[in-house]
Amino acid sequence: MTVINLVARLLLALRVLLWLTALLFSRRSDMSKSQRVLVRLSVATIVICVLAACGGGGTSSDTTAGSVDPITTTPAGPGYPLTGLPITDQAAATRVALVAKIDNHPASHPQTGLNKADIVFEENVEALTRFAAVFHSQGSDPVGPLRSGRTQDIDILGSLNKPLFAWSGGNYLVTKAINASDMVNVGYSASRGKGGYYREKTMKAPHNLYAKTSNLWTLAPAGSSAPKAQFLYRTDSDAKPSTSTAIDGAKISMYNVRVYWKWDAASGNFLRSSDNVKRVLEPHMADDGQVNTKNVVVLYVTYVRSKADRKSPNALTTGKGTGFVMTDGGIIPITWLRGNRNVPFSLLDANNQYVRLTPGRTWVELAWKNSLAPVAPGIDPSKVAFPAV
């Protein structure tokens, strides 16, 4: 409501109020009891309306920054929703997200497609880790090696707006859960030979199943739409938050996998090294070079046993937790919030401000609490121990 409209309403209300008051006192003896009550009610109603008008025309809310989804309160901007980078292919920008479950067994290295995925979730499985690689702005022909899914994938990927899910398969209960979810099963069996799946003859099963994202996208149901933005991104004019501390990298302990993300100022990326079972830290190579990313989001989560397989861990990715964001050579302690599986994670710093990422690709580490050790500038990484988990 504008100031002019507010003043006009107040003047009109006051004029009516004065008229009714004068009427009440000048004709009191001629009015019945019911008429006098009616006039009094009219006066009271006008007083309430006047007070409401003085309060302004908007609505109030007790909602705090920590209880809302930042993606719905701040526009993502004219970029790809999963990277924040400028759109160069309008068709790609409007298509559905595609998730590929990629193997991380030593026999699967080097994987294909990790450096083309917009977002990669690293999740603990029975003995190692596995990757849920999310493709949207670009694809990878081929992509793999592909392995089985887990029940935790349903919640992890719930905010991607019914993504396609490419996987090698799973046990009966996992398959039943995936089929009952809002993800679209385009796995090896469900695609019926139309997903571009094949076995790489130079590798040994089960670490040799690949597919083609160009084929998989053709399996999208009619009416499929693009994912919503999962993070907020910085612009050139945004200053680095005061809660960011410079680092050379960070060491993260996952399930039988130790990960080292090293900051490379020349490329503006974090470079990944890992040891898997060998306990020898080596650069983690993909088909097109060392695995790298603009952002690393470390979410401390609780793992419980999956109802579909008691041996399989299941990450709890809704609710609230702590963690870190590594971006632009710095590390930011965060609190993450997620009301339900259908909304993205909200990332808040110590000042209760939303953390904005560098536009580009992002890795999300679903790690145990206190599993990260930062490497300060000038410190020999070998002198920094991996946290015990």
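No value in this document is a laboratory result; all are computed from the given coordinates. What you see is a predicted model; the values in this text were computed from it and never measured. Because the Cβ atoms are built from the backbone with ideal geometry, glycine has one as well, and the counts that use them run over all protein chains shown.
Can you compute the modelled spin-label distance between T302 and D238, with each label point 7 Å from Cα toward Cβ, in nm?
3.1
Hey, rough spin-label estimate for K311 and Y198, points 7 angstrom out along Cα→Cβ, what's it come to in nanometres?
About 3.2 nm, to one decimal.
Which entries in K176/K311; K251/K294; K162/K320; K212/K320 show an alpha-carbon gap greater than 26 Å? Numbers along the way, then the final one.
Working: K176/K311 18 Å; K251/K294 16 Å; K162/K320 23 Å; K212/K320 36 Å.
Exceeds cut-off: K212/K320.
Assuming a ≥ b ≥ c are the square roots of the Cα gyration tensor eigenvalues, decide whether the range 93-212 counts as rounded (a/c under 1.5), prolate (otherwise, with a/b larger than b/c) or oblate.
Values: a/c = 1.31, a/b = 1.16, b/c = 1.13.
Taking the square roots of the gyration eigenvalues as a ≥ b ≥ c, the range 93-212 is rounded.
Among G319, V384, P333, which residue has its Cα positioned farthest towards the positive end of the charge dipole of the range 314-389, with +1 placed on the Cβ of Lys and Arg, -1 on the Cβ of Asp and Glu, and the dipole taken about the Cα centre?
Result: G319.
Given 0.36 nm per residue, what is the gain on full extension from T94 to S225 after removing their alpha carbon distance, in nm?
Details: separation 131, 0.36 × 131 = 47.16 nm, distance 0.63 nm.
Gain in length upon complete extension: 46.5 nm.
For a test of the definition: using alpha carbon positions, the gyration tensor, and the 1.5 limit on a/c, classify the range 231-383 as rounded, prolate or oblate.
oblate
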